[in-house]
Amino acid sequence: VDDALGIAEKAGITKDVVMKQMESLNVNEVLDTAQDAITDEKARRKLVSSATDTALDFILRILPAMEIPPFDGVKEGMIYHLSNLSMKGFKVKKEDIVVEIAGMRATKPGPVPDLHERQNNNDGATASITSLESDVGSSDVNSSFQSVDSLGFTFEDNQTGSGNKVDATELLIIDVHNISSVMNDLIWSFEQTYMPYLKGGGRANVQFSGGSIRLQFELRKCKKENGDGEVRWEPVLCLHDRSCAIEEVNLVLQGEGRLTWIFNKLASIFKGPLRDYVVTTIKNMLTSQSGALLEKLNGILSPYWNLILSTAKLELDELVETDEDVITAHVPDEDDGVLELVWKERLPLGMNLLLNDASGRLKVVDFPRGSQARSVCELQQIDPVVFEGATIVGVNGARYDEKTLLFEALKDPARPKAVLFELAKTEDAERIKRFVAGKNADKDESEAFENREADFYVESVNFKEDGNLGIQFSKSPDDFGIAVNNLHKSPDGIVFAAERYDVSVGDLLSHINGQLVLEESGRGREKALALLKEVGHVRPLALSFVKPYLVRKFFAKPADDMSDNGGPEEFLLKEQTLADGAKRIAVRGFNEIPGMAESGGVMIGDHLIFINGKPVGAGCRMMGEEKAPDLQEVYEMLRDKNNYPIGLTFARPRTKNASRWKASSSTVFELDTADTICVMSESFEQLGCIFGSDRFEVNMLVTDLFAVPGCIQEEMKPYRDLNGNINFCIESINGQFVPSYASPSIVLNALRRSWSADGRMEILFSDDERKIWTKGLT
């Protein structure tokens, strides 16, 4: 000891020096520093405990309650179906859960003491009790979950004593490993699209193992405004990434018959797609439900932001600014842009393809109306538009790099046929459209509207002959004058003068012998009636008319179902703002509707076999006719108005038990086993289909289908202006005026309700430009 003191004295550390240092020491500061160190330790433990409770409650509550939609698809030419999927059998053990926040980690390395023992041994840390699903074993996460240290989790502060800085994108990480799940009593079926054409169905059991989930949260900053309007920055947690993986899938298919063992051999086809489907569903759920989790986490962690920043060695100023999109945005999966469709009918596929695209790949232009391709999409409830610009990459499970081989596989008439598409991005789809349509395809809408001055005129008629004018007048809808209500004919068939002079029902009487008879509030009507009474019998009589700016139309469903095509859906409406700021709902145009052939179920490639019972094409062969009408004679029959209403019969080769090597365009097919479709039409224009013949002119085939004007559009034809446009706004519906706040969707819904409930609708149209011009005459 003496030697040690001697050495200290030689170093200048004397007793007097030590005492002076002790006297200058602030004991309270030392105690506060020690207390802060103890408090920070407890705060960090409580912080990890709270974050762990919240995150695990989210995972262990949401996953077991998640229902998985039925799984339908195609894999390597196999059409499959799986349903009754559920995650109720989800299990995970505590030792497979790792939570890390700001470099502090909580893990569960060993067996967990029972709840009573943990409560007795609790060292005072706050326990957070969270009720969980209780359908797992005693060694699994079951009826309760306490704070990290009270549950026996190992607390690791990776930041203590180190200078490492935590990456803001990895501030909170939740890793769950060795997840397992059992799904019993699944319903399955499959159908093979190539030899030997196996099919089957039954029940199945699935067991997933080696699953993992990882949630990665990033710390960013956001603006907050206090009550005084002062803006400050605060940390906020957001979802940075989420991942899910399943290592093993054990699938057992149960079925009847001797082929059950074959089904289980083929079960491997289900495993990959099923695993990918469940993984994608879980990832989407984690993303869609992240908002609720983040709201809880940010609320719980808000008292600890300073501690988190100091522990992670982060500064608020260096954090990236965030927004709602960053927190809740869905991260697309790599396979989201791939879809597979299956064709089963022995008809043409019905795809318009681009063979000379600059990419060198086979591109889809569109799926035309009435095509089998469009029908397949509608059955799958997929909008055919999404396939515009798509790339065809595979057929019946085989992928092709060579375009020629791919095209040959598509031409193969075998059915069913599975085609794999890579969907196009928006810009690529637009590029394909422009390439096909040409530079002048999209004409500027403004070019379609020319000056309407030539459409506004006063038509004068001089009546020189004695006798009845043949005109019945009534007051105009807004009582601005009188309008032509009806044109009479004499009982002996003599045409009155008005009809000979091109006077139309609805025309507004503007002048009598040059004197204006238009005026507001009924004064114009009174003046017109008085003048007609005074000079109406005198000849010559000069009457002048203008076209009406208010038109009342009654639309009703036809009494016969055959002509019941069209309705409110024909209207193309838009919101229009007038010069005075008032808003109006204008008729921009009309949607055309499927023709009678398309609405009756006819598709491209179907055979026309009878016209009003007379055989044509393949129908002649069935009836033993030696000579069949050629294509020109068939069109003559279709255009003959005396044949209407007309009945057409179409035939389609059946898929069931059909040889995959027979082409649908073959000159011979079994008519007695073919499916037949009967269509009725009132006119040739309503049919909406184009016919062609095969090279032998033996069969009459549907080569295209197109949309036709509906009943509403047909009735509105007389009101088109000189440029072919409809210039009407909707003034009222069934006598109820359209309010200024109404939107196109509100107006369209009102029309739908009237059409559906009453089978009719009354619309008062207003041509606002014509109205201004007409009232300017006064």
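The values are calculated or read from the model by the stated rules, or taken from the named source; none is laboratory data. Quantities reported herein were computed from a predicted structural model and do not represent experimental measurements. Here the Cβ is made from the backbone with ideal geometry for all residues, glycine too, and neighbour counts use every protein chain on show. Remember, those area values only see protein heavy atoms, side chains included, never the ligands or the DNA or RNA. Shrake-Rupley method; radii C 1.70, N 1.55, O 1.52, S 1.80 Å.
Close Cβ contacts (under 9 Å, 6 or more residues apart or on different chains) running from residues in the range 346-357 that are on the phi > 0 side of the Ramachandran plot to residues that are part of a loop (DSSP other than H, G, I, E, B) and surrounded by 21 or more Cβ atoms within 10 Å (Cβ to Cβ) comprise Gly350/Phe367; Gly350/Gly370; Gly350/Ser371; Gly350/Met603; Gly350/Ile604; Gly350/Gly605. Scanning the range 746-777 for residues that are open to solvent by less than 80 Å² (accessible area, probe 1.4 Å), of a type outside the set (S, T, N, Q), part of a helix (DSSP H, G or I) and in contact with a strand residue (DSSP E or B) (Cβ under 9 Å, 6 or more places away or on another chain) turns up Val747, Leu748, Ala750, Leu751, Trp755, Asp768, Arg770, Lys771, Trp773. Arg361 - would you say it is of a type in the set (D, E, K, R), outside any strand (DSSP E or B), at negative phi and in contact with a Ser or Thr (Cβ under 7 Å, 6 or more places away or on another chain)? So Arg361 fits the description; yes.
The residues listed here are Lys425, Lys433, Lys489, Lys443; of these, the one that is loosely packed, with under 13 Cβ neighbours inside 10 Å, under 23 Å from Cys377 (Cα atoms) and modelled with pLDDT under 80 is Lys425. Checked against the criterion of being part of a strand (DSSP E or B), farther than 30 Å from Phe463 by Cα, open to solvent by less than 20 Å² (accessible area, probe 1.4 Å) and not β-branched (Val, Ile, Thr), the range 534-552 has no qualifying residue. In the range 628-641, the residues that are at pLDDT below 95 form Cβ pairs under 6 Å with partners that are of a type in the set (Ser, Thr, Tyr), at six or more places apart or across chains, as follows: Leu631/Ser693.
For the range 526-556, the tally of residues that are of a type in the set (D, E, K, R) and out of contact with any strand residue (DSSP E or B) (no Cβ under 7 Å at 6 or more places or on another chain) stands at 5. Among the residues making up the range 722-745, those that are aliphatic (A, V, I, L, M) and surrounded by 14 or more Cβ atoms within 10 Å (Cβ to Cβ) are Ile726, Ile730, Ile733, Val738, Ala742. Screening the range 707-745 for residues that are of a type in the set (D, E, K, R) and assigned to a loop (DSSP other than H, G, I, E, B) and picking the one that is nearest to Glu453 (Cα to Cα) gives Asp721.
Note on the range 565-608: residues that are assigned to a strand (DSSP E or B), closer than 16 Å to Ile726 by Cα and open to solvent by less than 40 Å² (accessible area, probe 1.4 Å) amount to 7. Within the range 737-747, the set of residues being under 24 Å from Ala757 (Cβ atoms) and in contact (Cβ under 8 Å) with a residue 12 or more places away in the chain comprises Val738, Tyr741, Ala742, Ser743, Pro744, Val747. Among the residues of the range 370-392, are any touching a residue at least 40 places away in the same chain (Cβ under 8 Å), farther than 17 Å from Glu427 by Cβ and touching a helix residue (DSSP H, G or I) at 6+ places or on another chain (Cβ under 6 Å)? Yes, that holds for at least one residue.
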